[in-house]
Structures are given as structure tokens and as C-alpha cells.
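First the structure, in the form of C-alpha cells, and then the observations on it.
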Amino acid sequence: MNLPVQPPASAYFITDEKPPIETRTLSVIVDNEPGVLARVIGLFSGRGYNIESLTVSETDHNKHLSRITVVTKGAPSVIQQVKSQLDRIVPVHQVLDLTKAAAGQGEDGPIERELALVKVAGAGDDRVEALRLADVFRAKVVDSTTDHFVFEITGKTSKIEKFIQIMAPLGLVEVCRTGVAAMSRGREAMFAG
């Protein structure tokens, strides 16, 4: 005799609501020393957080500081947890949520740019159309032969994505992207330390 299983009685409402997933750009100032990037990235991978884009470079040679720019997605509470955990890593000097900071200033977002190299192989009308569209997107030809072009394009990630989509039917061969470089708006520096 199989009786249907009843859910336990409760005075509390149980909902399956999930918090909204947001894309955030985090800027992390760290000491430029071996192993720091691995520790920062290890924090993300060890907790199952995904990284959409990652760039890192030394930004202050005298103080040996680097800026790591990470684009990630998650619920606001998860993003806050990531920021808190990043702040506890010893060589981290500062963590700034550039997306949240821009929203607090009434801006659409931080200044974000990405660079991509896009190889397109085609002939005839496709070749002419690829050149015309590259001009519209302000992409520069950095290499060409009689059967292919390599375009350099910079801009917001959405612009890069659109350019790649448009080039796909015209003979897209390969794409190489740098990842997002981002900076907050205004005259103040992120890190003055």
C-alpha cells in the first residue's frame, strides 16, 4: 500500500524564489608577487564561482602593485561574499565593485573596454562586406593577404560580441580576446595607498 507523501506542515511559507543573477566587474589591487593571481583565482574556483573575464597587469612599478579585473556573475549576496573573501587574502590591498560604485553615482556602469583580434577568411563579395562592416565598427586591419584579414577592434564587450556575430557568416576563422579592462569614473583614484 503506497500512500502519497505529504509535505511537513509549517507555519512558514517556503518559496522557490531565486535571487537575480547580476554581472559585476571587480577591480582588485594586489602586491605584484608570485602566487597572488593563483590565490585570487583559487578563491573563485574553490567556491564554484565562475569568471567571465580576467585581466591582470602591474599598474604601479614603484610600489609593485597590480590590478586584477574580474567580471563575474552571481546573486548580490554571492558577490558580496566573494568581495569579503578577497579582502581577507593577505596581498590584497583593495577590492572595489566597479559596477556597484557606478550605480551609486548614478552612472550606467564603469568605463570598460576590451580588445579583440578577429581573423576572417573570405573572397569576393564576402571580403568586400567584411571590410565595409569593419569600417562601420571602427576595426583596424592589422594583417591581410589575398584570402584573409585580421581585424583589431576595441570597445565594450557588447560591441565585440556583435562584431563577431556579424563576421561569422562572412568567414570568421578565429577570435582572440584580451578580457575586460575597467576603471571607475571620476577624478579620484581607486587606490591611493
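Could you list, in sequence order, the residues of the stretch 144-153 that are out of contact with any Asp or Glu (no Cβ under 7 Å at 6 or more places or on another chain) and closer than 17 Å to Thr178 by Cβ? Listed by number, the residues that qualify are Phe151, Glu152, Ile153.
Rundown of residues vs (1) under 14 Å from Gly179 (Cβ atoms); (2) out of contact with any Leu (no Cβ under 8 Å at 6 or more places or on another chain); (3) assigned to a strand (DSSP E or B), yes/no style:
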| site | (1), (2), (3) |
| --- | --- |
| Val30 | no, no, yes |
| Leu37 | yes, yes, no |
| Ile41 | yes, no, no |
| Ser53 | yes, yes, yes |
| Val56 | yes, no, yes |
| Thr59 | no, no, yes |
| Arg67 | yes, yes, yes |
| Thr72 | yes, no, yes |
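For residues in the stretch 82-100 being part of a loop (DSSP other than H, G, I, E, B) and free of Cβ contacts under 8 Å to residues at least 60 places away in the same chain, which is farthest from Val30 (Cα to Cα)? The residue in question is Arg88. Scanning the stretch 167-189 for residues that are surrounded by fewer than 18 Cβ atoms within 10 Å (Cβ to Cβ) and either assigned to a helix (DSSP H, G or I) or without any contact (Cβ under 8 Å) to a residue 24 or more places away in the chain (or both) yields Ala168, Pro169, Arg187, Glu188, Ala189.
Considering the stretch 24-49, the residues that are in contact with a helix residue (DSSP H, G or I) (Cβ under 7 Å, 6 or more places away or on another chain) and among the polar types (S, T, N, Q) include one that is nearest to Asp108 (Cα to Cα), namely Thr25. Being crowded, with 16+ Cβ neighbours inside 10 Å, within 30 Å of Ala38 (Cβ to Cβ) and out of contact with any Phe, Trp or Tyr (no Cβ under 6 Å at 6 or more places or on another chain): is that true of Ile160 here? Yes; evaluated as a whole, the condition is true for this residue.
Among the residues of the stretch 154-177, those identified as polar (S, T, N, Q) and closer than 29 Å to Gly106 by Cβ are Thr154, Thr157, Ser158.
Residues that are of a type in the set (Gly, Ala, Ser) and in contact (Cβ under 8 Å) with a residue 24 or more places away in the chain within the stretch 101-126 comprise Ala101, Ala102, Gly109, Ala116, Ala121, Gly122, Ala123, listed in sequence order.
Taken together, the values in this text are just the output of simple stated rules run on the coordinates, not laboratory data. Being a predicted model, the structure only gives us computed values, none of them experimental. We place every Cβ from the backbone using ideal geometry, glycine too, and count neighbours over all the protein chains shown.
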